[in-house]
Amino acid sequence: MESIEQHPELKAKEHVRRFTQSGQRSRSPQREKLIVQLAQDTYRFDLGRAQYQRIRTIGLLFFCVLIICACVGITVGILLWKSYPHDFTPYLKWQDALLSLSWFMAFIILGGAVMVGRFLHALRAGYTQGMVTLVGNSAITVRDLSAENLKNIFWIMNSAFWCFVTVLVGLLPVMLIGWTLHLSNILLVILTTSIAILLSLAGFVVSIIAAS
């Protein structure tokens, strides 16, 4: 019987085809990305459904937690507002500091919720319209849809919170003036109030630096 020898180029093509098929079978669904050719020299890389659902679930949970925390901060601020009189004083009340802290936290959290909402919108657009669009060698459109963006949003809120806490710490000497003015000895009033005013000037510098 005659043996038919296959051409080397055909062998190579057959090997590449088998390797591609085995790679597609062993590919994990969680890592799946779809490549779509929209036109000549135009390709679109879509996000896999498993990755999209995982990132969307994390984002929605984060968004819900932020909304709940914002509601708690606003509620605490309203309760504090009703708990003390709001007469004008030449010093800062500690209730004012807590009130501003609670409302500023609610403001930061709502800002974080807005950023999470924008990320979820971009995630949806990346899933339906493509994560990466490559047009020949002239243009490329990329959407950063990594779950690390949610961590970055958290750290942005964390940095803003501690900057505001630093501002309040710088204003602590101003709160002390309300205590020094109520001392019984007039000499102690003058001495402690003067020290509190000097510390307040230094605190203002710290607060301005932290706020800038």
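Rule-based calculations on the coordinates, nothing more; no lab input. A quick note: this is a predicted structure, and the numbers were derived from the prediction, not measured. Every residue, glycine among them, receives a Cβ derived from its backbone with ideal geometry; neighbour counts consider all protein chains shown.
Quick notes on this one:
- In order along the range 154-160, the Karplus-derived 3J(HN,Hα) couplings, from 6.51 cos²θ - 1.76 cosθ + 1.60 at θ = phi - 60°, round to 4, 6, 5, 5, 4, 5, 5 Hz, and Gly and Pro are given as x.
- In order along the range 123-129, the Karplus-derived 3J(HN,Hα) couplings, from 6.51 cos²θ - 1.76 cosθ + 1.60 at θ = phi - 60°, round to 5, 5, 5, x, 6, 8, 10 Hz, and Gly and Pro are given as x.
- Computed Rg/Rh of the range 44-93, alpha carbon atoms with Kirkwood Rh: 1.43
- Note on R118/D87: beta-carbon distance plugged into 1/(1 + (r/R0)^6) with R0 of 45 Å gives a FRET efficiency of 0.60.
- Per-q log10 I(q)/I(0), the range 80-131, q = 0.18, 0.22, 0.25, 0.32 Å⁻¹ (Debye; single scatterer per alpha-carbon; no solvent): -0.68, -0.83, -0.92, -1.12
- Over the range 96-174, relative contact order from alpha-carbon pairs under 8 Å, at least 6 apart, %: 36
- Residues whose placed amide H lies under 5 Å from that of G48, excluding near-sequence neighbours: L34
- Equivalent ellipsoid semi-axes - Cα gyration tensor, the range 80-212, angstrom: 50, 16, 8
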